[in-house]
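Following: one structure in C-alpha cells, then a few remarks.
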Amino acid sequence: MPTRDPETDLSQASGWYAILPKPPPARRLSGHQVADWVVVGAGVTGLAAARRLGELAPNARVVLIDDYRIGYGASGRNSGFIIDTPHLSERVATETNQRLSRLVVAGLAELEGLVRKHQIDCEWSPRGHLTAIVERQRIENLEATARSLDAVNEGYEWLEGDALARVVGTRHYYAAINTPRTVLVNPAAMCRGLGDTLPVNVEVYEETPVHSVRPGSMVQVECAEGSISAPNVLLTTNAFVTKLGFLKRHVFPLFECASLSRPLTVDEQAMMGGAADWGITGFASMRRTLSNRILVRHGTYYGSQFRLTQGMRTWLQGAHKTGMLKRFPMLGNLEFEHTWSGVYCMTRNWASYFGRLEPGVFASLGYSGVGVPRGTISGKLLAEYALGFESALIDDVRAVSGPPRLPPEPFLGLGVRARLAWHRFSNRAEW
Ligand SMILES: Cc1cc2nc3c(=O)[nH]c(=O)nc-3n(C[C@H](O)[C@H](O)[C@H](O)COP(=O)(O)OP(=O)(O)OC[C@H]3O[C@@H](n4cnc5c(N)ncnc54)[C@H](O)[C@@H]3O)c2cc1C
C-alpha cells in the first residue's frame, strides 16, 4: 500500500465494506499518462461525474482515481440513508429548500435507475426513514420539520405510540416523522456496484493517492507512483480537497463514528419485534438492516487532529452498545463486530461548493451529512457543467453553493468544538 498522510488515513474498514467479498487487486496508476479528463475521488460524487463524462464524451479517455478502494471512503462508510428530503430549515428561504429538494430527489432517482438497470446487489430497501425524538419536549423540533416538508410539498406520516412501536419494536422514541421515499442500503456495496458498471471509456485507478494538482493548459496530477495530465480535472475528494491546496478557508472535516453488529439470531429477532428493516435518524441514527444487523451512528469529532485510536474504538463500541440497550434491552448478547469513523465535509453555512476553482480545475463537495443523493446529482451535474451544458438543475446546484470564509485556527477549532459540546449536552436525553 502507498504511504499515506496520517491525517487522512482511514485504516479501519467500515462494517459495510468488511462484510463484502474481498475485491480483486487494485490497478494503480504508474508512469506518466495523458487523459482527456481526470476525476480525483471515487465516492458517489466522483463515480457520478466519471459516469456522466464517459456517457457524454464516449470517445474521450476518462480516468477516475482514488486513494483507497471504491466503497472504502465516506460514500461507503456512512449510515446508508439515501434521504429524499434534504436537511430543510425554516431559517433558509423556501426557494433554497425547493432547490435542495429538487436536487436530492434527482440524486435518489439517478441511483435508483442505476441500481435497477445494473441489478446492483446492495440491500436496496425503499422503506422510508423516521426522523425521531426521544423526549416529549422536543416536539417543537419535529413540528418544525413537518412545516418545512409542507412548504416544499413533501409527503410524510406522523407516528407516535403503538404505531411507532409496531415499526421499530421499541417504545423508546416519543414520536417520529416517516418520509416514505428514503431508501436504505449497504452503501459500500452500492458504490462497488456503481464502480463495476462505469462506461467502457472510464478507467479506474485505486490505491493511488494524488499528492498535488497543478493548474495549467494541461493540468498536472502527481500521484504516489506516477502522474497524469489532462486539460480538465474534476476534484471530488470531499473534505480532503484542502490537502491539495484548495478551499482551505472554506471547508473543514468532521469525523462521524458508527458500529455494525453481527446478524441477529432468530431468537433475538423474535424478542425485538418490529418491522424487518427500518432506519431512524435524529441525534443518533439507528438501523435494522435487511441482513438483520443493527447499525448505530453516534459521536462527532472535529477533524484536524482526529484519529480513531484502538482505545477510542473500544470506548465508542461500548457507548454504541449502551445506546442500543436503552432501546432494546433484550439484545444484551449482541456484539458490534465493526466500529469505524468517516469524514463529513462541512462548511460554515451548510452550502456546498460547486464550480470552477481554476482554469481546467472543477470541484463539487461539502454536503454535510446528506451527501449520498446530493453528491450523486452534483457529480453528474459537475460533468455536464465542465462540458459546457446548461440546465435548470445546474442552476439549482449553483444557487445552493458558495460557502463563506471560515475563521482561521485556532478560532475555527475552538468554535466547532464548543458547538459540538453544546449539541452533545443539549441532546443528552436523545441518546
Ligand atoms: C459515519 C457517517 C454517516 C453518514 N451517513 C450518511 C447517510 O446516511 N446518508 C447520506 O446521504 N450521507 C451520509 N453521510 C455523508 C456522506 O457519506 C458524504 O456526504 C458523501 O459520501 C460524500 O460523497 P463524496 O463522493 O463527495 O465524498 P467521499 O465519499 O468522501 O469521496 C471522496 C473520495 O476521494 C478520495 N480521495 C480524497 N483525497 C484523495 C487524494 N488526494 N487522492 C486520491 N483520492 C482521494 C477518498 O478516498 C474518497 O474515496 C455520512 C458520513 C459519515 C462519515
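The values are calculated or read from the model by the stated rules, or taken from the named source; none is laboratory data. Remember, it's a predicted structure, so these values are computed and weren't measured experimentally. Heads up, the Cβs are rebuilt from the backbone with ideal geometry, glycines too, and the neighbour counts pull from every protein chain shown. We work out accessible area using only protein heavy atoms, side chains counted, and drop any ligands, DNA or RNA first. Shrake-Rupley method; radii C 1.70, N 1.55, O 1.52, S 1.80 Å.
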Filter result for residue 43 (over 13 Å from residue 194 (Cβ atoms), surrounded by 21 or more Cβ atoms within 10 Å (Cβ to Cβ) and among the small types (Gly, Ala, Ser)): no
Of the residues in region 199-232, those that are under 24 Å from residue 405 (Cβ atoms) and of a type in the set (A, V, I, L, M) come to 213
Which listed residue is in contact with a Lys or Arg (Cβ under 6 Å, 6 or more places away or on another chain), on the phi > 0 side of the Ramachandran plot, within 12 Å of the ligand (Cβ to nearest atom) and at pLDDT 95 or above, from 71, 41: 71
Checked against (1) open to solvent by less than 10 Å² (accessible area, probe 1.4 Å); (2) more than 12 Å from the ligand (Cβ to nearest atom), residue 216 satisfies every condition except (1)
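Being under 30 Å from residue 165 (Cα atoms) and of a type in the set (A, V, I, L, M), is that true of even one residue in region 311-321?
Within region 311-321 (the criterion being under 30 Å from residue 165 (Cα atoms) and of a type in the set (A, V, I, L, M)), the answer is yes, since at least one residue qualifies.
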Strands (runs of 3 or more DSSP E) completely within region 120-235 that count 2 or more residues being touching a Leu at 6+ places or on another chain (Cβ under 9 Å) and within 27 Å of residue 428 (Cβ to Cβ): 129-133, 157-160, 175-179
Residues in region 371-422 that are part of a helix (DSSP H, G or I), free of Cβ contacts under 8 Å to residues at least 60 places away in the same chain and over 30 Å from residue 198 (Cβ atoms): how many? 7
Among the residues that make up region 391-400, is at least one of them at pLDDT below 95 and within 16 Å of the ligand (Cβ to nearest atom)? yes
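Yes or no, residue by residue, for (1) open to solvent by less than 10 Å² (accessible area, probe 1.4 Å); (2) within 15 Å of residue 327 (Cα to Cα):
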| site | (1), (2) |
| --- | --- |
| 157 | no, no |
| 161 | no, yes |
| 169 | no, yes |
| 175 | yes, yes |
| 179 | yes, no |
| 184 | yes, no |
| 187 | yes, no |
| 192 | no, no |
| 195 | no, no |
Test each condition in (1) under 21 Å from the mean Cα position of the chain (by Cα); (2) surrounded by fewer than 22 Cβ atoms within 10 Å (Cβ to Cβ) for residue 390 and report the one that comes out false. (1)
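Within region 320-331, take every residue that is out of contact with any Phe, Trp or Tyr (no Cβ under 7 Å at 6 or more places or on another chain) and open to solvent by less than 50 Å² (accessible area, probe 1.4 Å) and give me the one that is farthest from residue 261 (Cα to Cα).
Here is the first cut: in region 320-331, the residues out of contact with any Phe, Trp or Tyr (no Cβ under 7 Å at 6 or more places or on another chain) are 322, 324-331.
Filter again for open to solvent by less than 50 Å² (accessible area, probe 1.4 Å), leaving 324, 327-328, 331.
Numbers: 324: 11, 327: 15, 328: 13, 331: 11 Å.
Among residues in region 320-331 that are out of contact with any Phe, Trp or Tyr (no Cβ under 7 Å at 6 or more places or on another chain) and open to solvent by less than 50 Å² (accessible area, probe 1.4 Å), the one farthest from residue 261 (Cα to Cα) is 327.
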Can you find even one residue in region 350-365 that is free of Cβ contacts under 8 Å to residues at least 40 places away in the same chain, within 19 Å of residue 256 (Cβ to Cβ) and either open to solvent by 10 Å² or more (accessible area, probe 1.4 Å) or out of contact with any strand residue (DSSP E or B) (no Cβ under 6 Å at 6 or more places or on another chain) (or both)? no
Just to be sure before I move on: is residue 96 within 15 Å of the ligand (Cβ to nearest atom), of a type in the set (Ser, Thr, Tyr) and farther than 19 Å from residue 236 by Cβ in the structure I sent? no
Between a residue in region 54-67 that is in a loop (DSSP other than H, G, I, E, B) and any residue that is away from the ligand (no atom under 16 Å from the Cβ) and small (Gly, Ala, Ser), which pairs come within a Cβ distance under 9 Å, given they are 6 or more apart or on different chains? 60/54
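When you scan region 120-140, do you find a residue that is in contact with a Cys (Cβ under 9 Å, 6 or more places away or on another chain), open to solvent by 20 Å² or more (accessible area, probe 1.4 Å) and hydroxyl-bearing (Ser, Thr, Tyr), even just one? Steps first, answer last, please.
Here is the first cut: in region 120-140, the ones in contact with a Cys (Cβ under 9 Å, 6 or more places away or on another chain) are 122.
Next, only the ones that are open to solvent by 20 Å² or more (accessible area, probe 1.4 Å) stay: none.
No.
If you go through region 302-319 one residue at a time, do you hit one that is in contact with a helix residue (DSSP H, G or I) (Cβ under 6 Å, 6 or more places away or on another chain), open to solvent by less than 30 Å² (accessible area, probe 1.4 Å) and either in contact (Cβ under 8 Å) with a residue 12 or more places away in the chain or more than 25 Å from residue 43 (Cβ to Cβ) (or both)? Let's see the steps before the verdict.
Here is the first cut: in region 302-319, the residues in contact with a helix residue (DSSP H, G or I) (Cβ under 6 Å, 6 or more places away or on another chain) are 302.
Narrowing the set further to residues that are open to solvent by less than 30 Å² (accessible area, probe 1.4 Å) leaves 302.
In the following step, the residues that additionally are either in contact (Cβ under 8 Å) with a residue 12 or more places away in the chain or more than 25 Å from residue 43 (Cβ to Cβ) (or both) were identified as 302.
Looking for residues that are in contact with a helix residue (DSSP H, G or I) (Cβ under 6 Å, 6 or more places away or on another chain), open to solvent by less than 30 Å² (accessible area, probe 1.4 Å) and either in contact (Cβ under 8 Å) with a residue 12 or more places away in the chain or more than 25 Å from residue 43 (Cβ to Cβ) (or both), one finds at least one in region 302-319, hence yes.
Tell me the strands (runs of 3 or more DSSP E) entirely within region 246-301 that contain at least 1 residues that are modelled with pLDDT under 95, open to solvent by 20 Å² or more (accessible area, probe 1.4 Å) and closer than 18 Å to residue 168 by Cβ.
Details: elements: 252-261, 278-281, 285-288.
Strands (runs of 3 or more DSSP E) meeting the threshold: 278-281.
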Given (1) more than 16 Å from the ligand (Cβ to nearest atom); (2) of a type in the set (Gly, Ala, Ser); (3) farther than 26 Å from residue 37 by Cα; (4) part of a loop (DSSP other than H, G, I, E, B), number of the condition residue 79 does not satisfy: (1)
